[in-house]
Amino acid sequence: MAYWLLKTEPDEFSIDDLAGRNGSPEPWNGIRNYQARNILRDQVSVGDEALIYHSSCKQVGIAGIAAVSRAAYADPDQFNPESKYFDPKASENDPRWFCVDVVFKRKFPRLVPLAELKRQAGLANMVLLRQGRLSVQAVTAEEWKLILQMA
DNA sequence: GCCAACGTTGGC
DNA sequence: GCCAACGTTGGC
């Protein structure tokens with residue numbers, strides 16, 4: 001079992017939206033970055049758990065936890081010309097982008113702000129703090145434990 | 001809204 | 001394959 005962090009803009013899709021799915025799977029789609037894509041496609045597995053991170057909003061930080069319920073499959077939006085995630089270079093035979101399904105696990109009693117994560121010595125090597133722009137990233141067991149304690 | 005960091009595109 | 005120009009992410 002591995003741990004991940006998934007970024008989302010809460011104005012688009014928040015931890016509350018995920019909670020509102022009442023346990024049904026939510027496709028984590030729209031990932032259009034190769035590094036993130038490779039992690040999704042090659043490493044994220046059913047049963048893994050992920051921190052849900054709220055980005056590009058008033059209160060940035062970690063909002064809760066989701067579990068992976070389906071491993072990588074072709075993101076259908078890449079084939080849909082109506083979608084903003086449409087990719088003319090992708091084809092059904094040769095998909096370029098992938099998504100996974102996640103289910104809601106829990107919402108933290110409070111959002112753990114990015115500023116606090118930055119202050120935590122044990123999190124100094126966290127990918128989130130080292131590499132700004134990666135929307136799917138690995139979290140170590142130690143980091144996971146520490147963040148759950150902060151929540 | 002600004003701007004730093006970084007990813008992508010495209011000419012050569 | 002290099003690199004300049006440009007676009008996007010994302011915190012503040």
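The values are calculated or read from the model by the stated rules, or taken from the named source; none is laboratory data. Not measured: the values here are computed from a predicted model. Backbone-built Cβ (ideal geometry, glycine too); neighbour counts: all protein chains shown. Each accessible area value is taken on the protein alone, full model and side chains, heavy atoms only, with ligands, DNA and RNA left out. Shrake-Rupley method; radii C 1.70, N 1.55, O 1.52, S 1.80 Å.
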15 Å beta-carbon shell around A:LEU114, net charge (K/R +1, D/E -1): +4
When a/c reaches 1.5 or more, the comparison of a/b and b/c decides; with that in mind, is the range A:50-99 rounded, prolate or oblate per its Cα gyration tensor? oblate
Any idea what the relative contact order of the range A:80-151 is, in percent, if you count C-alpha pairs under 8 Å spaced at least 6 apart? 25
Rounded to the nearest 10 degrees, what's the angle between the helix A:141-150 long axis and the longest principal axis of chain A, both from Cα atoms, 0 to 90? 60
Mean accessible area per residue over chain A (1.4 angstrom probe, all protein chains present, square angstrom) is 53
Quick check on chain A: what does the Kirkwood estimate of hydrodynamic radius come out to from the alpha carbon pairs, in Å? 15.8
With label points built 7 Å along Cα→Cβ from the Cα atoms of A:LEU148 and A:LYS58, find their separation and express it in nm. 3.1
For a 20 Å ceiling on Cα separation, which of these pairs sit above it: A:LYS58/A:LYS84; A:LYS58/A:LYS107; A:LYS7/A:LYS58? A:LYS58/A:LYS84
Carbon plus sulfur fraction of accessible area for the range A:3-150, probe 1.4 Å, in percent: 46
Ordered by number, the trypsin sites (Lys or Arg not before Pro) in the range A:35-104 that occupy a DSSP loop and have at most 15 other Cβ atoms within 10 Å are A:LYS58, A:LYS84, A:LYS89, A:ARG96
Contact order relative to length for the range A:3-150, counting C-alpha pairs under 8 Å separated by 6 or more residues, stands in percent at 31
Given R₀ = 35 Å, what would the calculated FRET efficiency be for A:ALA121 paired with A:ASP17, taking r from the Cβ atoms and rounding to 0.05? 0.60
Between the range A:103-128 and the range A:6-48, what is the C-alpha centre distance in whole Å? 17
For A:ILE31, net neighbour charge (Lys/Arg +1, Asp/Glu -1) across residues whose Cβ lies under 12 Å away: +2
Show me the GluC sites (Glu not before Pro) within the range A:1-110 that DSSP assigns to loop and that have at most 13 other Cβ atoms within 10 Å of their Cβ. A:GLU12, A:GLU82, A:GLU92
